[in-house]
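In what follows, a structure is listed as structure tokens, so that the remarks can point back to it.
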Amino acid sequence: MDASEQVSAESGEVISLFLLNREFFVSPGGDQVPADILRGKTIGLYFSANWYSDCQNFTPILASVHNRLKEEEAKFEIVFVSSDEDQKSFDEYYATMPWLAIPFSDLLSKKSLTQRFQIEGIPSLIILDPCGNPIQTDGVDLIYRYGCQAFPFTSECLSKLKDEERAKHASQTIEKLLLSDSRNYVVCQKDQVPISSLVGKTVGLFFSAQWCLPCMKFTRKLVSVYKNLKAKKENFEIVFIPIDKNEAGYLECYQSMPWLALPYGDENVKSLLKYFNIQGIPSLVIIGPDGKTVTKEGRNLINLYAEMAYPFTEAQLLLLQETMDEEAKNYPKSFHHAGHRHVLNLVSAASGCGPYICCECEEQGSGWAYQCIDCGYDIHPKCTREGKKDNPDKPQVRAGDAFCAFSSVQ
């Protein structure tokens, strides 16, 4: 067997593994479609389920890309591998998709594909080349970032897109981000504010929507931080980037905000979502006075440090971390949590404390925590004071005021 025959045989083996010796897939209309229809095409294996909101959010984006590529007669097909709980859920969810699927009843094929591609979370989009070889495992991220341009998902194609992306970010300014052919302003309720007035300021681009409950919760915190920074006369502004489904939702959402906004339905919203690779909301992107991106983690930084995070630079965050580390020297090494009924141990980033969600106040945490490893229970040091109320016989942990402000916006 020569080299070309060996490659062909290996490719055929990969395809055979993928097809799992099946004869057909199903279409959204319920028809049986011969498996051979996939041969010679780039294939996206879409692992998803109706019960998970991230899947619900991504599916219409993927459907738009799929339909556009079909119009362009690209040799691309998607196969849905369901993680739905029952046939009814599968049918309802699959009705929103324009591609092929593994029949819901074929549990063996779904299990085999999940194991073969080591799927640990959904949504997941595995890209196979026309020979059936997996070439990309992060298809969801690629679709969010590049849309139709990601096809055919080859390393050469993606390398070119990344180079173009880096060039755009290198020449980025706040004006380039927000200006459009028909608009040189943002709005402040009913007034128009020139985008040029934002030059030289630290600007937060706030991606949010009225239908998103986490957005509403975070907005209240962000309003407090914004007003505090304005009271200190900091050179800071926020621009609301609306993801609302209708104008009524946009107006209701923006009514609670004291900052600037893009108009409803503005053409820049979609390009900004793609440009910053926004995969979930609320999201706060911080743009520095030079017009360059400082961080896309504005939401987490506000939750951690409130207005102390300003101006969100690495130097400021390092200073805050050093302050937290100094205060932590006075914390007890452990304490008994009355509600949890376990001893919680003090851990730091150096001893395994990564980013976490506090089980007491449900806010972002990082750097320091009281933790029960066995139960996966993490709380802010400031939240240990709640344990004192429930169990007065146990010592109270007194976190400093600065750490309280850093950990959460009250």
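The values are calculated or read from the model by the stated rules, or taken from the named source; none is laboratory data. Keep in mind the model is a prediction, meaning the values are calculated, not measured. When we count neighbours, we look across all protein chains shown, and the Cβ atoms used for this are built from the backbone with ideal geometry, even at glycine. Accessible surface areas use protein heavy atoms only, side chains included; no ligands, DNA or RNA. Shrake-Rupley method; radii C 1.70, N 1.55, O 1.52, S 1.80 Å.
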Counting only residues that are among the acidic types (D, E) and closer than 21 Å to A63 by Cβ, how many does segment 88-122 have? 2
Answer residue from segment 187-210, given it is open to solvent by less than 10 Å² (accessible area, probe 1.4 Å), assigned to a strand (DSSP E or B) and of a type outside the set (V, I, T) and is nearest to E234 (Cα to Cα) among those: G204
Would you say V269 is within 18 Å of the chain's Cα centre (by Cα) and within 22 Å of K190 (Cα to Cα)? yes
What is the number of the single condition among (1) open to solvent by 10 Å² or more (accessible area, probe 1.4 Å); (2) among the aromatic types (F, W, Y); (3) not in a loop (DSSP other than H, G, I, E, B) that F47 does not meet? (1)
Can you report the number of residues in segment 211-237 which are closer than 23 Å to G288 by Cβ and either more than 20 Å from the chain's Cα centre (by Cα) or in a loop (DSSP other than H, G, I, E, B) (or both)? 15
Tally up the residues in segment 363-385 that are open to solvent by 60 Å² or more (accessible area, probe 1.4 Å) and either touching a Leu at 6+ places or on another chain (Cβ under 7 Å) or modelled with pLDDT under 70 (or both), please. 1
Conditions (1) within 24 Å of the chain's Cα centre (by Cα); (2) of a type outside the set (V, I, T); (3) exposed (fewer than 14 other Cβ atoms within 10 Å of the Cβ): number failed by N184: (1)
Might you check whether a residue that is farther than 20 Å from F207 by Cα, in contact with a strand residue (DSSP E or B) (Cβ under 9 Å, 6 or more places away or on another chain) and either among the charged types (D, E, K, R) or surrounded by fewer than 15 Cβ atoms within 10 Å (Cβ to Cβ) (or both) occurs anywhere in segment 145-164? yes
I'm told K388 meets every condition in (1) at pLDDT below 70; (2) farther than 14 Å from L304 by Cα; (3) open to solvent by 80 Å² or more (accessible area, probe 1.4 Å); (4) out of contact with any strand residue (DSSP E or B) (no Cβ under 9 Å at 6 or more places or on another chain) except one. Can you identify the failing condition by its number? (3)
Within segment 165-181, residues out of contact with any strand residue (DSSP E or B) (no Cβ under 6 Å at 6 or more places or on another chain), under 14 Å from F276 (Cα atoms) and open to solvent by less than 50 Å² (accessible area, probe 1.4 Å) come out as E165, Q172, T173, L177, L178
From P214, P242, P289, P258, which residue is surrounded by fewer than 17 Cβ atoms within 10 Å (Cβ to Cβ) and free of Cβ contacts under 8 Å to residues at least 40 places away in the same chain? P258
Among the residues of segment 65-80 satisfying the criterion of being touching a helix residue (DSSP H, G or I) at 6+ places or on another chain (Cβ under 8 Å) and more than 17 Å from Q136 (Cα to Cα), which is least open to solvent (accessible area, probe 1.4 Å)? L69
Hits in segment 318-348 - residues which are without any contact (Cβ under 8 Å) to a residue 24 or more places away in the chain and assigned to a helix (DSSP H, G or I): L318, L319, E322, E326
Among the residues of segment 297-312, write down those that are open to solvent by 20 Å² or more (accessible area, probe 1.4 Å), out of contact with any Pro (no Cβ under 9 Å at 6 or more places or on another chain), at pLDDT below 95 and not hydrophobic (A, V, I, L, M, F, W, C). E297, E307
Flagged in segment 295-313 as of a type outside the set (G, A, S) and within 21 Å of the chain's Cα centre (by Cα), in numbering order, are T295, K296, E297, R299, N300, L301, I302, N303, L304, Y305, F312
